[in-house]
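The values are calculated or read from the model by the stated rules, or taken from the named source; none is laboratory data. Since the model is a prediction, treat every value here as computed from it, not as a measurement. Note that each Cβ is placed from the backbone with ideal geometry, even for glycine, and that neighbours are counted across all protein chains shown. Note: areas computed on protein heavy atoms with side chains; ligands, DNA, RNA excluded. Shrake-Rupley method; radii C 1.70, N 1.55, O 1.52, S 1.80 Å.
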Amino acid sequence: MIPRKYLDTIMHSDGGDNWWKPDLFQEKTLALIPPELEIVAVPPSADNNYNCFLHVLGLSEDKDILQNSKGFIYDVLFQKLIDEGLLVYTSSPQDGDYVLYRDPKNYPGVITHIGIKDGDKVISKWAWGPLIRHAVLDVPESYGNEISFVKSISKEQAKELYWKYKEFNI
């Protein structure tokens, strides 16, 4: 397993700029990425960037939602969808389902990160940085050790739910 604290260090070096700015990521960070992590896509430009929640819901290409959300869907909105029964936990995750990360000690009640199950791996967007294919626990330590799974929904349903519940995106 990759030293997870090291992943936090890489993400936050130089105030995070080297993580999410495409040119700096390529120049200063890419070579530091452990080989166990597969970079699926480098960070997009700031005006097209998005976080892990937008990625899993399939909304990262939706210009209206990107503009309205400023590239962020927050865990509060995602948790609201779970609380309303619109997203459902599963103990038998299938490929495409969501992998939720929590750190109840340091961030109680918060979904700290989310990805998409892909075989025995996960594909997730790390903050505003790259899209990465990784082992379930090969994530920054700050994402936590508590893992749960939620059944995925269609992009169309996610879009409809975003507009209906966007006031919870705080």
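Each residue of the range 3-15 was assigned a 3J(HN,Hα) from its phi angle through the Karplus expression (A = 6.51, B = -1.76, C = 1.60, θ = phi - 60°), giving x, 5, 5, 4, 5, 4, 4, 4, 4, 9, 5, 6, x Hz with x at Gly and Pro.
Loop-located GluC sites (Glu not before Pro) in the range 9-115 (DSSP state other than H, G, I, E, B) with a sparse environment of at most 15 neighbouring Cβ atoms within 10 Å: E36, E61, E84. For the range 1-144, taking the reciprocal of the average inverse distance between every pair of different Cα atoms yields a Kirkwood hydrodynamic radius of 15.6 Å. Using the Karplus relation 6.51 cos²θ - 1.76 cosθ + 1.60 with θ = phi - 60°, the per-residue 3J(HN,Hα) values for the range 100-108 come to 9, 10, 9, 10, x, 6, 8, 9, x Hz, with x marking Gly and Pro.
In the elastic network of the chain, a GNM with C-alpha springs shorter than 10 Å, the most mobile of I33, I111, I153 is I33. Listed by chain and number, the aspartates and glutamates placed with their C-alpha closer than 19 angstrom to that of K159 are E61, D62, D64, D75, D83, E84, D97, E167; residues fewer than eight positions away on the same chain are left out. In percent, rounded to a whole number, the relative contact order of the chain is 29, using alpha-carbon pairs under 8 Å and six or more apart. For the range 28-170, what % of the accessible area comes from carbon and sulfur atoms, probe 1.4 Å? Ligands and nucleic acids excluded, carbon and sulfur give 53 percent. Length gained on full extension, E27 to V136, computed as 0.36 nm times the residue gap minus the Cα-Cα distance: 36.5 nm.
Summarising the label geometry, the points placed 7 Å from Cα in the beta-carbon direction at E146 and D120 lie 2.7 nm from one another. Averaged over its residues, the range 94-170 has an accessible area of 47 Å² per residue, based on protein heavy atoms and a 1.4 Å probe. Evaluated with a Cβ-only charge set (Lys, Arg +1; Asp, Glu -1), the chain carries a dipole of roughly 180 debye about its Cα centre, given to the nearest 20.
Going by a ≥ b ≥ c, the root eigenvalues of the Cα gyration tensor, does the range 30-93 fall in the rounded group (a/c under 1.5), the prolate group (a/b larger than b/c) or the oblate group?
Oblate.
For the chain, modelled as a GNM with alpha-carbon contacts under 10 angstrom, which of G15, G58, G129 fluctuates the most? For the chain, modelled as a Gaussian network with Cα springs under 10 Å, the answer is G15.
Extension gain for the segment V110 to D14, taken as residue separation times 0.36 nm less the Cα-Cα distance, is 32.0 nm to one decimal. For the range 41-85, the solvent-accessible area of protein heavy atoms averages 43 Å² per residue (probe radius 1.4 Å; ligands and nucleic acids excluded). Averaging sequence separations of C-alpha pairs under 8 Å and six or more residues apart, then dividing by the length of the range 13-91, give the relative contact order as a whole percent. Result for the range 13-91 is 20 percent.
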